[in-house]
Amino acid sequence: MRHFRLFLTVLILSIAFSIPASAQETQTRVIDEVVAQVNDGVITLSRVRREMKDVVDTWVKEGKTKEEAQKMADEKQGELIASLINEELLVQKAKESGLDSDIDASINQRMSDIMKEYKLKTVDELYREMEKAGVNPDDLKATWRKQATRDRVIQREVQYKVYWGFNGKELKDYFEKNKAKFTKPETVSFSEIFLGFAGRDEAQVRERAKQLAAQLKAGGDFAKLAKENDPGVVTQGTGKVEKLVMKDLVDTIAKPLAGLKVGECTAPIDIEQLGIAILRVDEREQASSESFFDEMAVRQAMTAEKFPEEQKKFMSKLRENSYIKISDTYRPLVSPILFADERKTKPGE
């Protein structure tokens, strides 16, 4: 069990300051409030409110009224705070494990890839283009960091350990009991034309996608049109995607590809907030009912079954080995959610 410096000075739940004496009066103003202490980090009320505002804004965009969205967010405040505490624990674990540089590198690489795709020479130029498209660069990088931190820690501490934890006998036994899972799946390979929204008028991008789809339907040269319209094809290659298993594809991609023959193209596909894609099927292999042993596929199937429970155990252990203090105001909302798994393992609770 890790040991933390619990002798740290008790956190002040509100911070105040006075206006200079020259004002001839003294006023006190609350700057922020600590909702929870997580080891040597804190979750502040201002952070909670920012997260809730983002949730409300998202639901409003999805069609809810402002009042409906706010009511739903208020009802889920306990879940949101619990999520922020778990997120803080993962950030601390990433730092403790020396993953920060890897996470920074992954974010910088994503920024670099975007710059190459759109032929931008400086980061400042990239930021200006993002802002034109209504994207806040700092918010985007913060979202990427949150995702990358969670993914790196969970992969390292849970997923990899589960995946490589099965021995040869366990793999063979699982295969024999679940042969129906290991038949040859339907696969597809395709090429892509992607028209990004970044730095462009969205309506014009959509109109251009419709024109391209019409040209392709009339027999247009896919490779030629890709080079003329997709910067990524010019800078990074042909836009070809190698063999993928159809059942593993997200619906956004799988549904348009379903039933298409080799050489046929999809209608324009809306990739939410990013752009429009048009796909051409290059190769297709039908599924087979014959079972075959593929160690990687068996490990993946076993991992998929075991992973959710192992992830819960990991997060529970992380909380157990940490100092978490939730303020009296929010404890009744948060504790039943945050420590639900721990309580299930304790008889009589």
Practice problem: Could you grab the pairs with beta carbons closer than 9 Å, sequence gap of 6+ or different chains, first residue in segment 298-316 and farther than 24 Å from Thr183 by Cβ, second one modelled with pLDDT under 95 and surrounded by fewer than 17 Cβ atoms within 10 Å (Cβ to Cβ)? | Solution: Lys312/Asp341; Lys313/Asp341; Met315/Asp341; Ser316/Asp341; Ser316/Glu342; Ser316/Thr345
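Which one of these is under 23 Å from Val241 (Cβ atoms), exposed (fewer than 13 other Cβ atoms within 10 Å of the Cβ) and not acidic (Asp, Glu): Lys224, Lys169, Lys132?
Lys224
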Quiz item: Quick check: is even one residue across segment 27-47 at pLDDT 95 or above, assigned to a helix (DSSP H, G or I) and within 22 Å of Val153 (Cα to Cα)?
Solution: no
Practice problem: Check Ala209, Ala213 and return the single one that is within 31 Å of the chain's Cα centre (by Cα), in a helix (DSSP H, G or I), under 30 Å from Ala287 (Cβ atoms) and touching a residue at least 24 places away in the same chain (Cβ under 8 Å). | Solution: Ala213
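Taking the residues in segment 153-169 that are in a helix (DSSP H, G or I) and among the aromatic types (Phe, Trp, Tyr) as candidates, determine which candidate is nearest to Leu90 (Cα to Cα).
In this case the residue turns out to be Tyr160.
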Practice problem: Return yes when Glu207 is surrounded by fewer than 17 Cβ atoms within 10 Å (Cβ to Cβ), out of contact with any Phe, Trp or Tyr (no Cβ under 7 Å at 6 or more places or on another chain) and among the acidic types (Asp, Glu) and no when it is not. | Solution: yes
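Suppose we filter Glu131, Glu170, Glu202 for residues that are out of contact with any Lys or Arg (no Cβ under 9 Å at 6 or more places or on another chain), closer than 24 Å to Lys227 by Cβ and of a type in the set (D, E, K, R); which single one remains?
None of the other options fit; the residue is Glu202.
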Quiz item: Does segment 117-125 include one or more residues that are part of a helix (DSSP H, G or I) and either in contact (Cβ under 8 Å) with a residue 24 or more places away in the chain or in contact with a His (Cβ under 7 Å, 6 or more places away or on another chain) (or both)?
Solution: yes
Quiz prompt | Selection within segment 179-206 - among the hydrophobic types (A, V, I, L, M, F, W, C) and assigned to a helix (DSSP H, G or I) | solution = Ala180, Phe182, Ala203, Val205
Quiz item: Any chance segment 60-67 includes a residue that's more than 19 Å from the chain's Cα centre (by Cα), modelled with pLDDT of 90 or more and surrounded by 13 or more Cβ atoms within 10 Å (Cβ to Cβ)?
Solution: yes
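Can you find, within segment 173-206, the residue that is farthest from Ile269 (Cα to Cα) among those that are β-branched (Val, Ile, Thr) and under 30 Å from the mean Cα position of the chain (by Cα)?
Per the criteria, the residue is Thr187.
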Practice problem: May I ask you to say which residue of Arg343, Arg299 is at pLDDT 95 or above, in a helix (DSSP H, G or I) and farther than 30 Å from Phe197 by Cβ? | Solution: Arg299
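For segment 42-92, name all the residues that are hydrophobic (A, V, I, L, M, F, W, C) and free of Cβ contacts under 8 Å to residues at least 24 places away in the same chain.
If the condition is that a residue be hydrophobic (A, V, I, L, M, F, W, C) and free of Cβ contacts under 8 Å to residues at least 24 places away in the same chain, then Leu45, Val56, Trp59, Val60, Ala69, Met72, Ala73 are the ones that fit.
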Quiz item: How many residues are at pLDDT 90 or above, among the charged types (D, E, K, R) and farther than 22 Å from Phe197 by Cβ if we restrict to segment 240-271?
Solution: 2
Quiz item: For segment 147-160, how many residues are surrounded by 14 or more Cβ atoms within 10 Å (Cβ to Cβ) and either in contact with a His (Cβ under 7 Å, 6 or more places away or on another chain) or not aliphatic (A, V, I, L, M) (or both)?
Solution: 7
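The values are calculated or read from the model by the stated rules, or taken from the named source; none is laboratory data. On a predicted model such as this, the values are computed, not experimentally measured, just so you know. Here Cβ is always computed from backbone atoms with ideal geometry, including for glycine, and neighbour counts include all displayed protein chains.
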